[in-house]
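The values are calculated or read from the model by the stated rules, or taken from the named source; none is laboratory data. Remember, predicted model here, so these are calculated numbers, not experimental data. Neighbour counts run over all protein chains shown; Cβ positions are idealised from the backbone, glycine included. For the accessible areas, the whole protein counts, side chains as well, though only heavy atoms, and no ligand, DNA or RNA atoms are used. Shrake-Rupley method; radii C 1.70, N 1.55, O 1.52, S 1.80 Å.
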Amino acid sequence: MDRLMTFLPFSRLCALLLATFVVCFGANVHAQKNPTENFRVWKDTKFHRFLVDGSVDFSKYKKIALLPLDTNSATIANRTRETMRRNWEPFVSSGMGDVGRFIEESLTEEFADEKGLVVTDKGGKDVLIVQFIAKEVTPKAQLDNGLDTVGSKTLSKLCSMQFQVAIYDASSKQVLAFIDSDLPVVAKPFGNERIENNRANQNRAWIVATDRLAKLFVRDMNKLTSND
């Protein structure tokens, strides 16, 4: 995945992990002396940072449950100019349901196509639960409701979205892994076609981006939980 953000220091990322642990699991954090003490950077990944609990045998996990995309903390990047910010505010505050659906569909299809973890909607001792969290969105183009004439402008880069992923044990609710990375959302043409900036092509850009995200994530999770 294109490395679009500056790498966070390990100490800061551990702090993010601890904060996410507290938010997601509340009082469970008090049951552990230090939830981050066993975490290490897993380097066999294309995500910016992938932390895993080095004390865990991931090969015991055979299934994975997918939670809906968490958009509660999604914001627009501070460096965004005001006109673009106003254009994107409704989408970021309440309109990201389609993005969550695209991510879930892409992950479900990719896990089904690959040998390894099986998607489930039930808990269990061999189940990992995954929570994708939308963080900072950096707009690159106007959404179609901000165009003077819908479809009159060419769409190239739609946006980038910083996201995090919390991966935890379905039985103990203990966080076992944590990802912090960016998702570039780019409209890629077929051949020399001109991509008009409209809702259909914006959705297509999200679908292409989430399909690539799913491939990377499924590859990593199947490798992490493999007996090899």
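Say whether the condition of being closer than 22 Å to GLN142 by Cα, modelled with pLDDT of 55 or more, assigned to a loop (DSSP other than H, G, I, E, B) and open to solvent by 60 Å² or more (accessible area, probe 1.4 Å) is met by at least one residue in the stretch 42-52. Within the stretch 42-52, none of the residues are closer than 22 Å to GLN142 by Cα, modelled with pLDDT of 55 or more, assigned to a loop (DSSP other than H, G, I, E, B) and open to solvent by 60 Å² or more (accessible area, probe 1.4 Å).
Determine if the stretch 184-199 includes at least one residue that is exposed (fewer than 15 other Cβ atoms within 10 Å of the Cβ), among the polar types (S, T, N, Q) and touching a Gly at 6+ places or on another chain (Cβ under 8 Å). No; the residues of the stretch 184-199 include none that is exposed (fewer than 15 other Cβ atoms within 10 Å of the Cβ), among the polar types (S, T, N, Q) and touching a Gly at 6+ places or on another chain (Cβ under 8 Å). A count restricted to the stretch 194-224 and to residues that are under 18 Å from ALA177 (Cα atoms) and in contact with a Phe, Trp or Tyr (Cβ under 6 Å, 6 or more places away or on another chain) stands at 2. The residues on offer are PHE102, PHE163, and the sole one that is in a strand (DSSP E or B), aromatic (Phe, Trp, Tyr) and under 17 Å from VAL185 (Cβ atoms) is PHE163.
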